[in-house]
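Novice: Here's a structure for you.
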Amino acid sequence: MNNTPKVARVIVDGRQLAAHEGTPLLQAMLDAGLDIPHYCYHPKLTIDGSCRLCQVRIEGIPKLQISCNTPVRDGLVVHTEDAEVALARRGVLELLLLNHPLDCPICDKAGECWLQNYAMRFGSRFSRTLEPRRKHAKRIDIGERMLLDQERCILCRRCVRFCREISKTGELAIFDLGERAVLDIYDRRLDNDYSMCTADVCPVGALETKDFHHKLRVWFLEETASICPGCSNGCNIMVCSYKNRIWRLLPRRNDAVNDTWMCDDGRLSYKFVMEPERLRAPLVHHDGKLQQVAWAEGLSRAATAISSFKQANGGKAFGAVVSPHLTNEENYRFGELIAALGVGRVAMAVRRGKSDDFLIKPDKAANARGVRELGLVRGNDDGLEELLNACESGEIKGLYLCGDDVFDLVGGERFARIIDRLDLLVIQALKLRPEFGRAIVVFPSSTFAEKNGTFTNHAGRVQRIQRVLDLPADWLNDGEIFTGLLNLLDSRQEHFEIAPIWEAMARDGTAFARLRLDEIGTGGAMLTADLGINRS
Ligand code: SF4
Ligand code: SF4
């Protein structure tokens, strides 16, 4: 039986639209690019029909109809621009603004507020009321990460439905009726793992995140499409930046990955990019201390030390730890370096943490699957225990550690013992740690916001990240560090560029050969539909 919905044809303002029968008329009009004002309707929430702003006139029906709750059917003739509709919209907006505090100058939502936008476009320019405005509580601390301003709320119930239908935690409700109706929390605070999404769905400034509260006017922000680095789900995001600093992350719609949501941990994960302890230049061991040097000197010291180590011990005595935070392209290049050195054992260190049956995945890194698909690591723990054992037994005497997670994962006395036994230690990490004192060279690593490339999420979807922040002119990102070392150690003259790396990945017959770089659009592309590996 064919269950595909029938395509219906609808005439809207004289223009013919096609949509699946049963689709909300509002959604069909929005999909066709029509700008129909609405508040309570959200494509990922059930229909509420409470704001009445999306009313349209449908020929043959005596009264105006809310288009969010009108299913598309063949032959509908709809008017969205006539005088009756305009009057109804103006009436709705006047009602919503009766008690609104009009504190836009101190509201975080100003500039992206749909009450402001629609009032300017469809509302009346003056107020007819003389009565004082209703007073409600402002800046109520309703959760660890959320504030509520009850005066600004237009009772659209999007946040209530979000907490019931998406986070399934039900903290919010509308209490009382009529003019006394007010949004509030029940008996517990709004502290679910997705609480900050309520600020996204709120069309006005009633729900605000503490993180962005009174930080910056939104019209200064530049938005760059990217991928959340917080876990292997690879939620699609917009990175909002201004003056070379990230101010917030917002979810970006991708129905195959995260719909229009993201978790709070992921949303706040941008903070590590700006941590003051970030390494800012290569460090080399000199007179018993680590000292800052220029990039060229860092590369040359590392290459010399690696080369002497290899001559004395052979490549097999070398171990490498790959980072699941680097891009597919960077890790491919690291794989080339590993192969050129003849490294004995390769592992990956992935921090694991809480997960749920919605978005949050246990691998707390964006590209663990990319490393596995490149064939760099094997085994349940990605070869980490075997590598550590080999270090303890003396089989591995030199280590190239890439990424910061290995220090958190192994840490403590065991790690100190391992490091003490090594003859060579090269590190590529974001932050300086006490354990780095034994390293010959420490290179600063770059974050997801400082480079272009791709991540592969837990399901095998390859998605692009884009550079948002500028770095010093002489800065080398991780892929460029590997390339620099490869050039020095293997007499090559390579550059680190994404397109040639994809050609090389295809020539090498890696899993990435199934995909072309130009097939990866804004929503990403699957490596294949039926790969077996799907561990997180
Ligand atoms: S707080 Fe915002 S999303 Fe929630 S009901 Fe009020 S206006 Fe709607
Ligand atoms: S679920 Fe994972 S990828 Fe998505 S926002 Fe949270 S941490 Fe980021």
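Novice: Does Tyr242 satisfy the criteria of being without any contact (Cβ under 8 Å) to a residue 40 or more places away in the chain and of a type in the set (Phe, Trp, Tyr)?
Specialist: So Tyr242 passes the test.
Novice: Just to verify a result, which residue in region 256-310, among those that are basic (Lys, Arg) and within 16 Å of ligand 2 (Cβ to nearest atom), is nearest to Tyr194 (Cα to Cα)?
Specialist: Pass one, region 256-310, residues basic (Lys, Arg): 267, 271, 278, 280, 289, 301, 310.
Those left that are additionally within 16 Å of ligand 2 (Cβ to nearest atom): 267, 271.
Working: Arg267: 9, Lys271: 18 Å.
Restricting to residues being basic (Lys, Arg) and within 16 Å of ligand 2 (Cβ to nearest atom), the top hit is Arg267.
Novice: Among (1) in contact with a Gly (Cβ under 8 Å, 6 or more places away or on another chain); (2) at pLDDT 95 or above, where does Val371 come up short?
Specialist: (1) is the only condition that Val371 fails.
Novice: Condition first: within 14 Å of ligand 2 (Cβ to nearest atom) and more than 30 Å from Arg161 (Cα to Cα). Can you find one or more residues in region 313-333 that meet it?
Specialist: Yes, that holds for at least one residue.
Novice: Which residues, taken from region 212-229, are away from ligand 2 (no atom under 14 Å from the Cβ) and not in a strand (DSSP E or B)?
Specialist: Phe212, His213, His214, Lys215, Leu216, Arg217, Val218, Trp219, Phe220, Leu221
Novice: OK, next. When the residues of region 179-226 are narrowed to those that are of a type in the set (Lys, Arg) and within 16 Å of ligand 1 (Cβ to nearest atom), which ends up modelled with the lowest pLDDT?
Specialist: That would be Arg180.
Novice: Take the residues in region 336-375 that are small (Gly, Ala, Ser) and more than 13 Å from ligand 2 (Cβ to nearest atom), then tell me which one is nearest to Gly394 (Cα to Cα).
Specialist: Gly344
Novice: Looking only at region 110-136, filter to residues that are among the small types (Gly, Ala, Ser) and more than 28 Å from the chain's Cα centre (by Cα); which one of those is farthest from Val201 (Cα to Cα)?
Specialist: My answer is Ser127.
Novice: Being in a loop (DSSP other than H, G, I, E, B) and either under 22 Å from the mean Cα position of the chain (by Cα) or at pLDDT below 95 (or both) narrows it down to one residue among Asp381, Asp408; which is it? Steps first, answer last, please.
Specialist: Values: Asp408 fails: in a loop (DSSP other than H, G, I, E, B).
None of the others qualify; the one that does is Asp381.
Novice: When both residues are 6+ apart or on different chains and their Cβ atoms are under 6 Å apart, which pairs have a first residue that lies in region 140-160 and is over 16 Å from Cys113 (Cα atoms), and a second that is within 16 Å of ligand 2 (Cβ to nearest atom) and in a helix (DSSP H, G or I)?
Specialist: Between residues of region 140-160 that are over 16 Å from Cys113 (Cα atoms) and residues that are within 16 Å of ligand 2 (Cβ to nearest atom) and in a helix (DSSP H, G or I), the close pairs are Arg145/Asp264.
Novice: Here is a list of conditions, (1) closer than 19 Å to Thr224 by Cβ; (2) crowded, with 21+ Cβ neighbours inside 10 Å, and Ala511 meets all of them except one; can you say which number that is?
Specialist: (1)
Novice: Something else now. Count, please, the residues in region 127-153 that happen to be touching a Pro at 6+ places or on another chain (Cβ under 7 Å) and not acidic (Asp, Glu).
Specialist: As a first pass, look at region 127-153 and keep what is touching a Pro at 6+ places or on another chain (Cβ under 7 Å): 133, 151-152.
Cutting the leftovers down to not acidic (Asp, Glu) gives us 133, 152.
Going through region 127-153 one residue at a time, the tally reaches 2.
Novice: Return the residue satisfying two criteria in turn: it lies in region 240-257 and is over 8 Å from the mean Cα position of the chain (by Cα) and in a strand (DSSP E or B), and of such residues it is nearest to ligand 1 (Cβ to nearest atom).
Specialist: Arg248
Novice: Residues being more than 22 Å from the chain's Cα centre (by Cα) and over 20 Å from Ala366 (Cα atoms): count how many of those fall in region 497-525.
Specialist: Total meeting the criteria: 12.
Novice: If you don't mind, there's one more thing I want to ask. Counting only residues that are more than 14 Å from ligand 2 (Cβ to nearest atom) and either hydrophobic (A, V, I, L, M, F, W, C) or more than 17 Å from Phe272 (Cβ to Cβ) (or both), which one in region 230-245 is surrounded by the fewest Cβ atoms within 10 Å (Cβ to Cβ)?
Specialist: For region 230-245, the residue satisfying everything is Lys243.
Novice: Now for a different question. Taking Val322, is it β-branched (Val, Ile, Thr) and crowded, with 23+ Cβ neighbours inside 10 Å? Please lay out each step first, then the result.
Specialist: Values: β-branched (Val, Ile, Thr): yes; crowded, with 23+ Cβ neighbours inside 10 Å: yes.
When the stated conditions are applied, Val322 passes them.
Novice: For the list (1) within 16 Å of ligand 2 (Cβ to nearest atom); (2) in contact with a strand residue (DSSP E or B) (Cβ under 8 Å, 6 or more places away or on another chain), I need the number of the one condition that Ile142 fails.
Specialist: Only one criterion is unmet by Ile142, namely (1).
Novice: Of everything in region 147-183 that's at positive phi and away from ligand 2 (no atom under 16 Å from the Cβ), which residue is surrounded by the most Cβ atoms within 10 Å (Cβ to Cβ)?
Specialist: Arg157
Novice: Against the conditions (1) of a type in the set (A, V, I, L, M); (2) in contact (Cβ under 8 Å) with a residue 40 or more places away in the chain; (3) closer than 30 Å to Arg433 by Cβ; (4) crowded, with 18+ Cβ neighbours inside 10 Å, where does Val257 fall short? Just the number, please.
Specialist: (3)
Novice: OK, next. In this structure, does Trp261 turn out to be within 16 Å of ligand 1 (Cβ to nearest atom) and not in a helix (DSSP H, G or I)?
Specialist: Spelling it out, Trp261 is indeed within 16 Å of ligand 1 (Cβ to nearest atom) and not in a helix (DSSP H, G or I).
Novice: Could you grab me the full set of residues in region 125-165 that are in contact with a Gly (Cβ under 9 Å, 6 or more places away or on another chain) and part of a loop (DSSP other than H, G, I, E, B)?
Specialist: The answer is Asp149, and nothing else.
The values are calculated or read from the model by the stated rules, or taken from the named source; none is laboratory data. Only a predicted model underlies this, so the values are computations on that prediction, with no experimental measurement involved. Cβ: placed from backbone, ideal geometry, glycine included. Neighbour counts: every protein chain shown.
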